[in-house]
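Asks: Structure incoming, see below.
Only the coordinates and a few stated rules stand behind these numbers; no lab work does. No experiment lies behind these values; they were computed from the predicted model shown. For neighbour counting, all protein chains shown are included, and Cβ atoms are generated from backbone atoms with ideal geometry for every residue, glycine included.
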């Protein structure tokens, strides 16, 4: 396996060339290449010129883009010392790559740099996840590990909160201030798995804005992550 992924689009590729990691292959139209400064060899390896018809054949977008970058996948190994010093997100079998990409982008916006994905989660390098993340996958560390085996090491720290997002619990707005901890979000339909429940120290919920008025049963998981991240980022 080549262990590579593709990032598509003018803005994303320009951002990578500005301060992102090395691009293994840069594939672009002549017009795009002539519109940007010469690409130095330390920023990109092979540069391939293609016409718009070629781009349409290789692009995953409905409307072909003028440039795409082939990137190397970096293996991420969880550093529990680093993770335990800040807020992080754990995802228990989130299966929609679009949701995952949006969560990564949300984490990036609120300064959360660590996302732990349980086995069975969508691939963060899936084209839909990549597009939804809008480049944030290059800034947020996404780890794939067995959460039931990893979380107990954090659970032993009595000053570290392991929070679970549920339909019932204390309001996210009543959560005591803290500068570090982990928030676990469950599968889109099944929620948090039984194996993780013993390690959760606090159950939280997002209360509806207008109690007593008819509303949907729950939020989309990506929306829930945004609300929770907004709240904990103020601590």
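Asks: Restricting to Cα pairs below 8 Å that are 6+ residues apart, what does the relative contact order work out to for region 4-72? Please round to a whole percent.
Replies: On the way: 113 pairs, mean separation 35.2, N = 69.
Computed value for region 4-72: 51 percent relative contact order.
Asks: Using only Cα atoms, find the angle between the long axis of helix 97-109 and the longest principal axis of the chain, and express it within 0 to 90 degrees, rounded to the nearest 10.
Replies: The answer is roughly 80 degrees.
Asks: For 59, 193, 34, what's the fewest-to-most ordering of other Cβ within 10 Å of each Cβ? Numbers along the way, then the final one.
Replies: Numbers: 59 20, 193 16, 34 8.
Fewest to most other Cβ atoms nearby, the residues stand as 34, 193, 59.
Asks: What is the distance in Å between the Cα centroid of region 116-133 and that of region 154-197?
Replies: The two parts, judged by their Cα centres, are 21 Å apart.
Asks: Rounded to the nearest 500 deg cm²/dmol, what is the calculated helix-only ellipticity per residue at 222 nm for the chain, with -39500 (n - 2.57) per DSSP H run of length n ≥ 4?
Replies: Here the helix-only value at 222 nm equals -8000 deg cm²/dmol.
Asks: Which of these, 58, 172, 89, has the largest mean-square fluctuation under a Gaussian network model of the chain (Cα springs below 10 Å)?
Replies: Highest fluctuation of the listed residues: 58.
Asks: Name the shape class, rounded, prolate or oblate, that the alpha-carbon gyration tensor gives for the chain, where a ≥ b ≥ c are the square roots of its eigenvalues, rounded holds for a/c under 1.5, and otherwise prolate holds if a/b is larger than b/c and oblate otherwise.
Replies: Values: a/c = 2.41, a/b = 1.92, b/c = 1.26.
Prolate, since a/c reaches 1.5 and a/b exceeds b/c.
Asks: Also, I was wondering about something else. If packing is taken as the average number of other Cβ atoms within 10 Å across a peptide's residues, how do 158-165, 135-142 rank, most packed first?
Replies: Highest to lowest by the protection proxy: 135-142, 158-165.
Asks: Hey, in the GNM for the chain with a 10 angstrom Cα cutoff, which one of 174, 72, 108 fluctuates hardest?
Replies: Answer for the Gaussian network model of the chain: 174.
Asks: What percent do you get for the relative contact order of the chain when only Cα pairs under 8 Å and 6+ apart count?
Replies: Averaging sequence separation for qualifying contacts and normalising by length gives 19 percent for the chain.
Asks: Could I ask something else about it? Measure nothing but the geometry: give the 0 to 90° angle between the long axis through the Cα atoms of 221-232 and the longest principal axis through the Cα atoms of the chain, rounded to 10°.
Replies: Result, in degrees: 70.
Asks: Continuing with the same structure: Just how many % of Cα pairs in region 71-165 lie over 19 Å apart, if you round to the nearest whole percent?
Replies: Details: 1642 of 4465 pairs.
Here the long-distance tail beyond 19 Å is 37 percent of all Cα pairs in region 71-165.
Asks: At what distance in nm do the modelled label points of residue 210 and residue 173 sit from each other, each positioned 7 Å from its Cα along Cα→Cβ?
Replies: 1.5 nm
Asks: I need 10, 51 ordered by Cβ neighbour count within 10 Å, fewest first.
Replies: With the fewest neighbours first, 10, 51 line up as 51, 10.
Asks: Rank these for me by crowding, 87, 32, 109, going from fewest to most other beta carbons within 10 Å.
Replies: Listed from fewest to most nearby Cβ atoms, that is 109, 32, 87.
Asks: What angle do you read, to the nearest 10 degrees and between 0 and 90, between the alpha-carbon axis of helix 10-19 and the longest principal axis of the chain?
Replies: Tilt of helix 10-19: around 80 degrees.
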